[in-house]
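Written out below as structure tokens is the structure these notes cover.
The values are calculated or read from the model by the stated rules, or taken from the named source; none is laboratory data. In this text the structure is predicted, and so the values were computed from the model without any measurement. Reconstructed Cβ throughout: ideal geometry from the backbone, glycine too, with neighbour counts over all protein chains shown. The accessibility values were calculated without ligands, DNA or RNA, using every heavy atom of the protein model including side chains. Shrake-Rupley method; radii C 1.70, N 1.55, O 1.52, S 1.80 Å.
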Amino acid sequence: MFLFFLPFLISPIYNFPEPKPFSGDKIWNPYQNIDSLTWLKGNFQIQSEAWGGFTDGSNNPTDSVYKLYKKLNYDIIGISDYMKINDYFKDSAEYIAIYEHGYNARKTHQVSIGVDKIYWLDFPLYQTTSHKQFILNQLRPNTKVLSIVHPNFHFEGYTHNDLKYLVNYDLLEALNHQRYSLSHWDAVLSNGHAKYILADDDAHDINNPYLVGVVATMLNAKSNSEEDVVEALLSGRTYGYVPTTPNDENYDEKAARTLKFPYLISAKLNDDSYSVLFTKKALKIEFIGQNGEVVKVVKNSNTAQYNIKDSDTYIRVEADFPKYANTIYLNPIFRFSGDNPLIEELATISWWKSILSWATAWALFFFLSKKLWSF
């Protein structure tokens, strides 16, 4: 009973900054100085066999996961076991400590990349927006990159309203084999939160080719060392990629097809003109702005340009390619003022609401404890 109540007994209620769209006389472009020759393919959420096979991932021996993703030409293989840091291959220069936090009914989970230790507390059943902010704040000091993951999974672990207010994290997993959360990402961006994309297989069974190699995060990084990977993720020199998975495709065919995927060559700002260039011709290139509205479409081209309007707060690009290539999702360019485009106002504790919440939780805990004890 005490362990169940503990999070409610210590978690505060927050005052959140009033959300507002991006604004300012400057426009930030994370791709302005990319090197188009150094794209690496990564995945930061894969479950392996852990906790004696109790968690969903019992068909994924760690060595088999690494071999399969190497076969599929992944440069960064991040195993994110539930509440456990997998230290397989820890002596390698490309090892990155990762784990997935959360053991609650609504799958309100987070992935910590470059993490020091496990944070064990969670709210098993019900979570308010303040509870979710509390967990993010507790995870933040011990991780280099913090991502909200699969917000649209199951009972919507993170609602659009949650994402309107939540702060103090880095990435949002808008692409996951289980569920896409692009409208959630647009809710984040439309309310002025500069959060870059994460795209992961989240594969729980590597025997199923429809779960493996179906989503990837592309990184413009010098190497696959933790330092370079973390720097690329935080700088937004990444994009999400979703290749089509044909019927009855085996892993040998999938591996061969990965060598033919299109790539981003450039995404440049020139005054108020934003242009993108890809290695292959796209069926269509969409420019998407505030509230997820498509503001321009260019068809049958490997390049496209958009003239930014004064009313545009952010612009992101989706490029759809022919059969077996599918879609690239770029990070947004967005307006800002000041010197740091990524600075954000943090949530503060509302002490009187927190004291009332703590008092209520303690009272309920003692009441139920007394009832159970007498029973």
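What percentage of the solvent-accessible surface of the chain, computed with a 1.4 Å probe over protein heavy atoms, is contributed by carbon and sulfur atoms? Ligands and nucleic acids excluded, carbon and sulfur reach 55 percent. Over the range 145-268, Cα pairs under 8 Å with separation of 6+ residues give a relative contact order of 19 percent.
For the range 207-285, what class follows from the C-alpha gyration tensor (a ≥ b ≥ c being the square roots of its eigenvalues): rounded when a/c is under 1.5, otherwise prolate if a/b is larger than b/c, else oblate? Judged from the Cα gyration tensor, the range 207-285 comes out oblate (a/c at least 1.5, b/c at or above a/b). Counting only DSSP beta bridges with both residues in the range 167-253, the antiparallel share comes to about 45 percent. Rounded to the nearest 10 degrees, what's the angle between the helix 351-374 long axis and the longest principal axis of the chain, both from Cα atoms, 0 to 90? Around 60 degrees separate the two axes.
Considering only alpha-carbon pairs that sit under 8 angstrom and 6 or more positions apart, the relative contact order computed for the range 221-352 is 23 percent. Rounded, prolate or oblate: which fits the chain, taking a ≥ b ≥ c as square roots of the Cα gyration tensor eigenvalues, rounded meaning a/c under 1.5, else prolate when a/b beats b/c? Judged from the Cα gyration tensor, the chain comes out oblate (a/c at least 1.5, b/c at or above a/b). Here is the result for the range 163-247: no chymotrypsin sites (Phe, Trp or Tyr not before Pro) lie in DSSP coil with at most 11 other C-beta atoms within 10 angstrom of their C-beta.
Taking the helices alone, the chain has a mean residue ellipticity at 222 nm of -7000 deg cm²/dmol, built from -39,500 (n - 2.57) per DSSP H run of at least 4 residues and averaged over all its residues.
What is the helix-to-structure angle for 62-71, meaning the angle in degrees between its Cα long axis and the longest Cα principal axis of the chain, kept from 0 to 90 and rounded to the nearest 10? For 62-71 against the chain, the angle is about 20 degrees. For the range 61-103, the per residue solvent-accessible surface stands at 41 Å², with DNA, RNA and ligands left out and a 1.4 Å probe. For the range 292-351, trypsin sites (Lys or Arg not before Pro) meeting the loop criterion (DSSP other than H, G, I, E, B) and having at most 12 other Cβ atoms within 10 Å: K309, K323.
If you wrap the Cα atoms of the range 56-198 in a convex hull and average its projected area over all directions, you get 8.6 nm².
For the range 61-132, the square roots a ≥ b ≥ c of the C-alpha gyration tensor eigenvalues yield an a/c of 1.5 or more together with a/b exceeding b/c, which makes the shape prolate.
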